[in-house]
Amino acid sequence: MRILLHAPDLISRDGDAGGVRKELLLRKAAAESAATEVVLFDRWQPLEMDDFDIVHTFMPIAGMRPFAEWAMSARCRLVDRKSVV
C-alpha cells in the first residue's frame, strides 16, 4: 500500500518547525511501521496520483479543493483525521 501524505504549504517539513511538523512526521512513521510506503507531497516533484492507494490530507484547508478533486478522480481514497471519502 502506498500513501501520499499531503500537507499545506504553510507547514514546514524542513528543520525544526515545531509541533505541527512533529505530528506530521509521527503519522508518517506510524504508517511506515505497518509496512506501508508513505510519500510526503512535494508540489515541485512530478507525481502520478494513480501510484497511490490513499491520500491523507494532513490539516486540510479550503485552497486544497483542486488537489482533493485530482486525488478522487484517480480513485484514491481521500482521508483526513476525522473522515474517509
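The values are calculated or read from the model by the stated rules, or taken from the named source; none is laboratory data. These numbers were taken from a predicted model, which means no experiment stands behind them. All Cβ positions, even for glycine, are placed from backbone atoms using ideal geometry, and neighbour counts span all protein chains on display. All accessible areas refer to the heavy atoms of the entire protein, side chains included, with ligands and DNA or RNA removed. Shrake-Rupley method; radii C 1.70, N 1.55, O 1.52, S 1.80 Å.
Please work out which residue is least open to solvent (accessible area, probe 1.4 Å), limiting yourself to the stretch 32-67 and to residues that are in contact with a Leu (Cβ under 6 Å, 6 or more places away or on another chain) and over 18 Å from VAL20 (Cβ atoms).
VAL55
Evaluate the following for GLU23: is it at pLDDT below 85, of a type outside the set (Phe, Trp, Tyr), open to solvent by less than 80 Å² (accessible area, probe 1.4 Å) and at negative phi?
yes
Search the stretch 1-10 for residues being under 16 Å from ASP80 (Cα atoms) and assigned to a loop (DSSP other than H, G, I, E, B), and hand back the single one that is modelled with the lowest pLDDT.
Applying the first criterion (under 16 Å from ASP80 (Cα atoms)) to the stretch 1-10 yields 2-8.
Adding the requirement that they be assigned to a loop (DSSP other than H, G, I, E, B) leaves 7-8.
Numbers: ALA7: 77, PRO8: 69.
Step by step, filter the stretch 1-10, then rank; the result is PRO8.
Could you grab me the full set of residues in the stretch 33-65 that are outside any loop (DSSP other than H, G, I, E, B), over 12 Å from the mean Cα position of the chain (by Cα) and touching a residue at least 40 places away in the same chain (Cβ under 8 Å)?
Residues satisfying the conditions are ASP51, GLY63.
Could you please let me know if ARG75 is at positive phi and at pLDDT 85 or above?
Working: at positive phi: yes; at pLDDT 85 or above: yes.
Here the answer is yes, as ARG75 does meet what is asked.
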